[in-house]
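Below: the structure, in structure tokens.
The values are calculated or read from the model by the stated rules, or taken from the named source; none is laboratory data. Keep in mind the model is a prediction, meaning the values are calculated, not measured. Counting neighbours? That spans all protein chains shown, and the Cβs are built from the backbone with ideal geometry, glycine included. Heavy atoms of the whole protein, side chains included, go into the accessibility calculation; ligands, DNA and RNA do not. Shrake-Rupley method; radii C 1.70, N 1.55, O 1.52, S 1.80 Å.
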Amino acid sequence: MSALLEATGVAVEYHRTGAPPLRAVDHADLTLARGEILGLVGESGCGKSTLGRAIVGLQGTTSGEIRFDGRPVAPLGLRRRPAELRGLQMVFQDPYASLNPRRLVGDQVGDGYLLGGTSKTEARRRAGELLERVGLPADAVKRYPHEFSGGQRQRIAIARTLAAEPSCIIADEPISALDASAQASVANLLVELVRELDMGLVFISHDLSVVRQIADRTAVMYLGRVVEVGPTRQVWSEPAHPYTKALISAVPRADGAGVLPVELPGDVPDPSRPPGGCRFHPRCPVALASCAHDDPPLTILRDGRSAACVLAE
Ligand code: SF4
């Protein structure tokens, strides 16, 4: 599969007066193929949402390169992006914040078609079709966002994204603000759309069990870096990085199988003062003395996945 999206060595730094710069993303690498779902996981503050925003051009980068369909992505925001980047879209965590409460749903969904040069009547008609496709009633076009539940609003936001005819969607915690039943149905809708439209999807989530169910590959971030990436089944059954092992061990299994949670000492370090060497070493249960000064890069392992750990082979 050729890469639809490639992020190489991406860094995002925030400069603050009187404090060291905060490196939210630190030389992170990611690839995504057409038709693929990549789950991007990690604890809160690990940089996964910042990386997602950088990928769609909503966040400036300090260094590195992001290419979508072979073209570089510059940070211009979603509205000012060149036409060839309209195929790269984002779905946000809070659907209500991303919708205008004073505009009819049909008009908001139809905006994507208007930008593409379609007439107003045709845009409204196609918006109705899209709303039905995402599971909403046909009269949704003539209603306002507040008339819908949280799950339905996220469906509206997804329909609006689809009007741009994307080949790649970055979904940043798209289900975490929803109740349990809406979470499953919105996640299933995204999977259906990826398969039906042959899109790529980066599904950013702190919920490993959902990622396990829907993602073809999983990338794990720790303190601004991708520390492991590989097929979800492999990452879940035989995590190569000690941090992945700890994350997975804390997730309750549906089959009730007992896994002894790996307790990590201490908190996630301050990203403005990351530890030297392997940045996971102060919390790593299997750290070697050399880990305090050696910083292992993300390396391809024998089984084809990648991990950033001296012990991973
Ligand atoms: Fe642990 Fe060392 Fe591997 Fe880092 S490189 S994860 S500290 S064993």
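What the table shows:
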{"item": "Cα centroid separation, segment 267-313 to segment 128-160 (Å)", "result": "45 Å"}
{"item": "Helical mean residue ellipticity (222 nm; -39500 (n - 2.57) per DSSP H run of 4+; nearest 500) of the chain", "result": "-8000 deg cm²/dmol"}
{"item": "Highest-MSF residue in the chain out of 266, 200, 277 [GNM, Cα springs under 10 Å]", "result": "266"}
{"item": "Semi-axes of the equivalent ellipsoid for segment 166-313, Cα gyration tensor, largest first, Å", "result": "29, 17, 15"}
{"item": "Angstrom value of the Kirkwood radius, inverse mean 1/r, which spans all Cα pairs in the chain", "result": "20.4 Å"}
{"item": "Positive-end residue, segment 1-124 charge dipole about Cα centroid, Cβ charges, pick of 99, 58, 44", "result": "99"}
{"item": "For the chain, accessible area per residue (1.4 Å probe, heavy atoms of protein chains only), Å²", "result": "46 Å²"}
{"item": "Relative intensity, log₁₀ I(q)/I(0), of segment 1-110 from a Debye sum that treats every alpha carbon as a point, q = 0.18 Å⁻¹", "result": "-1.00"}
{"item": "Rounded percent of accessible protein surface that carbon and sulfur make up, the chain, 1.4 Å probe", "result": "51 percent"}
{"item": "Efficiency of FRET from Cβ geometry, residue 132 and residue 263, R₀ 35 Å, rounded to 0.05", "result": "0.10"}
{"item": "Angle in degrees between helix 180-197 and the longest Cα principal axis of the chain, rounded to the nearest 10", "result": "80 degrees"}
{"item": "Length gained when the stretch residue 251-residue 146 is fully extended (0.36 nm per residue, less Cα-Cα span)", "result": "34.4 nm"}
{"item": "Relative counts (whole %) of C-alpha pair distances in segment 79-122, using bins that are 10 Å wide", "result": "22, 49, 29, 0"}
{"item": "List 144, 113, ordered by accessible area with a 1.4 Å probe, largest first", "result": "144, 113"}
{"item": "With all protein chains modelled, accessible area of residue 167 [1.4 Å, Å²]", "result": "20 Å²"}
{"item": "Degrees separating the helix 105-115 axis from the principal Cα axis of the chain, which is the longest one", "result": "80 degrees"}
{"item": "Candidates 39, 70, 135, ranked by Gaussian network fluctuation over the chain, Cα under 10 Å, top entry", "result": "70"}
{"item": "Highest-fluctuation residue, 124, 71, 102 considered, GNM on the chain with Cα pairs under 10 Å", "result": "102"}
